[in-house]
Amino acid sequence: MSNQPTLLKRRNFIKAASASLLFTSLPTFGIEFFANEKPKKVALIGTGWYGTSDLLRLIQVANVEVVSLCDVDTNQLNTAAQLVSERQKNKKKPKLYTDYRTMLESNSLDIVLIGTPDHWHALTCIEALKSGAHVYVQKPISVDVMEGEAMVAAARKYNKVVQVGTQRKSTPHLVAAKKQIIDTGMLGTIGHVDMSCYYHMRANGNPPEQEVPNFFDYEMWTGPAPMRPYDGLPHKRWWRTFREYGNGITGDMCVHMLDTVRWMLDLGWPKRISSEGGIFVQKDGKSNISDTQSAVFEYEDHNCNWQHRTWGNPDDTDYPWAFKIYGEKGVLKGDVMKAEFIPVDGSDSIRFDVVYEKEKYPEDLTEKDIELHAAPATRRHMIDFLNAIQNNTTPVADIENGHISTASCILANLSMDLKRPLIYDPQSRTVLSDPEATALLQRDYRGQWKHPHPDTV
């Protein structure tokens, strides 16, 4: 197999899709971390689709023992326990918990994975850090800006590694594209970035209110978030359609693309953020997240523009969820399946394709709901996480960078709500010259739950 990306004529682009795998830029792979040590003790909080998938990828690359699982859905919890017992080396079933606090108090853990809905990320992450564990937390890291500030402060205070599940930074074809196109200056001067998502992923249902099933603790699932009338299992992706629990499509999908662009171009906090949008088409369901939204993340020499629609046709059918980095010498397009550099002078394009590892990990092929294209990226993301633990270094998706990407998307939503641009100052933790927006950086918690603060974690 070639060690170089394939040069492709634009007219042959699609036909040559399988011709370009670049391995020269990939990290060393196949090492079983901690092979000569006692297995690292691992727990998972949130045993749904993505949390369990993350855990199984970790099992594939490291000498770990999954000692405990936590979820408020006992059916989901038992299913995950059975799967883990089949996959981990000792074939033991983990201990099962429905309250993460009890689990953390009852076990000495080295690593905690967090795969809960977004409104639980902050509290579980901070408590896991306090217990002495390193943490792998899914994106977006928080539902408000001050949660994210507290998570960064906790990671630094307790001197633990926190890797955020923005695994595009570990996606082989995107790593290769960054190395060969961005880092070599093939784009020339970069003047603009477009990011978009046109997936029809906004739920539009109107399920009736109903009784909470006995296997599901809805009170604990809701936790610090506002309590909605129960109308079906919310953790079966229904929660993503409500701003009570997350940050909509911008928080869910833009965070990936913005984070990728920031990594590729070495960008920090945006200078200013503005956004417009709302529910313009899909008005019949209970969902309260925007179905149409644009946002502008301003930097010194260019803007990063976001657009999503959960209806209609995509702007570019080849790249329905993607980023496009425009330079004077060409454009780099990228998504989860491919990347393409198209020179402005009409010369050959350069294509980078997704890497699969079906032969190396045949169990991937029978795993329910697995994203086969993402599995190699997640494994590499886990390896980077483990490297950071082993060497006491900063991982590629460190919590601070996860916070910048997450908070920027949250601020975009606030800008849309307030109908004005916002300038966030991370030093003062305020929106400059905007007390109303500053007050919205920390939302109220329900009941007895206490909102974390960076000064008191």
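Taking the range 263-299, which residues are part of a loop (DSSP other than H, G, I, E, B), of a type in the set (D, E, K, R) and touching a residue at least 24 places away in the same chain (Cβ under 8 Å)?
271, 284, 286, 291
Restricting attention to the range 432-452, and to residues there that are farther than 29 Å from residue 136 by Cα and touching a residue at least 12 places away in the same chain (Cβ under 8 Å), which single residue is surrounded by the most Cβ atoms within 10 Å (Cβ to Cβ)?
Of everything passing the filter in the range 432-452, 437 is surrounded by the most Cβ atoms within 10 Å (Cβ to Cβ).
Check residue 66 against each of (1) in contact with a strand residue (DSSP E or B) (Cβ under 7 Å, 6 or more places away or on another chain); (2) at pLDDT below 95; (3) outside any loop (DSSP other than H, G, I, E, B) and name the one condition it does not meet.
It fails just one condition, (2).
Given the condition in a helix (DSSP H, G or I) and either of a type in the set (Phe, Trp, Tyr) or free of Cβ contacts under 8 Å to residues at least 60 places away in the same chain (or both), answer yes or no: does some residue in the range 149-160 qualify?
Yes; the residues of the range 149-160 include at least one that is in a helix (DSSP H, G or I) and either of a type in the set (Phe, Trp, Tyr) or free of Cβ contacts under 8 Å to residues at least 60 places away in the same chain (or both).
Quick test for you: out of 354, 344, pick the one residue that is closer than 25 Å to residue 314 by Cα and in contact with a helix residue (DSSP H, G or I) (Cβ under 6 Å, 6 or more places away or on another chain). Before the answer, list the steps.
Numbers: 344 fails: in contact with a helix residue (DSSP H, G or I) (Cβ under 6 Å, 6 or more places away or on another chain).
Checking each option against the conditions leaves just 354.
Scan (1) out of contact with any strand residue (DSSP E or B) (no Cβ under 7 Å at 6 or more places or on another chain); (2) polar (S, T, N, Q); (3) surrounded by fewer than 22 Cβ atoms within 10 Å (Cβ to Cβ); (4) within 25 Å of residue 220 (Cβ to Cβ) for the single condition residue 159 breaks and write down its number.
(4)
Does residue 59 satisfy the criteria of being under 23 Å from the mean Cα position of the chain (by Cα), of a type outside the set (D, E, K, R), farther than 27 Å from residue 212 by Cβ and surrounded by fewer than 22 Cβ atoms within 10 Å (Cβ to Cβ)?
yes
Yes/no matrix, rows are residues, columns are (1) of a type in the set (Val, Ile, Thr); (2) over 21 Å from residue 113 (Cβ atoms):
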position	(1), (2)
342	yes, yes
347	no, yes
354	yes, yes
362	no, yes
368	no, no
382	no, no
387	no, no
390	no, no
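Please determine whether any residue of the range 366-386 is modelled with pLDDT under 95, among the hydroxyl-bearing types (Ser, Thr, Tyr) and surrounded by fewer than 19 Cβ atoms within 10 Å (Cβ to Cβ).
Yes: one or more hits.
Only one residue in 314, 320 is touching a residue at least 60 places away in the same chain (Cβ under 8 Å) and under 19 Å from the mean Cα position of the chain (by Cα), so which one is that? Talk me through it step by step, then tell me what you get.
Values: 314 fails: under 19 Å from the mean Cα position of the chain (by Cα).
So the residue among 314, 320 that is touching a residue at least 60 places away in the same chain (Cβ under 8 Å) and under 19 Å from the mean Cα position of the chain (by Cα) is 320.
Would you say residue 121 is crowded, with 24+ Cβ neighbours inside 10 Å and under 19 Å from residue 256 (Cβ atoms)? Break it down into steps so the answer makes sense when it comes.
On the way: crowded, with 24+ Cβ neighbours inside 10 Å: yes; under 19 Å from residue 256 (Cβ atoms): yes.
Yes: the conditions hold for residue 121.
I'd like the full set of residues that are farther than 14 Å from residue 264 by Cβ and part of a strand (DSSP E or B), limited to the range 193-215.
Those that are farther than 14 Å from residue 264 by Cβ and part of a strand (DSSP E or B): 196, 197.
Determine if the range 71-84 includes at least one residue that is crowded, with 20+ Cβ neighbours inside 10 Å, β-branched (Val, Ile, Thr), assigned to a strand (DSSP E or B) and on the phi < 0 side of the Ramachandran plot.
no
So in the range 412-431, with the set limited to residues that are surrounded by fewer than 22 Cβ atoms within 10 Å (Cβ to Cβ) and among the hydroxyl-bearing types (Ser, Thr, Tyr), which one is nearest to residue 252 (Cα to Cα)?
430
Could you tell me whether residue 237 is surrounded by fewer than 16 Cβ atoms within 10 Å (Cβ to Cβ) and farther than 27 Å from residue 396 by Cα?
yes
Quick one: which residue in 89, 93 is out of contact with any Leu (no Cβ under 6 Å at 6 or more places or on another chain), modelled with pLDDT under 95, over 24 Å from residue 404 (Cβ atoms) and in a loop (DSSP other than H, G, I, E, B)?
None of the other options fit; the residue is 89.
Can you spot a residue in the range 234-243 that is of a type in the set (A, V, I, L, M, F, W, C), assigned to a loop (DSSP other than H, G, I, E, B), touching a Gly at 6+ places or on another chain (Cβ under 8 Å) and in contact (Cβ under 8 Å) with a residue 12 or more places away in the chain?
Checked the range 234-243: no residue is of a type in the set (A, V, I, L, M, F, W, C), assigned to a loop (DSSP other than H, G, I, E, B), touching a Gly at 6+ places or on another chain (Cβ under 8 Å) and in contact (Cβ under 8 Å) with a residue 12 or more places away in the chain.
The values are calculated or read from the model by the stated rules, or taken from the named source; none is laboratory data. Treat the numbers as computed from the prediction; the structure is a model and nothing was measured. For neighbour counting, all protein chains shown are included, and Cβ atoms are generated from backbone atoms with ideal geometry for every residue, glycine included.
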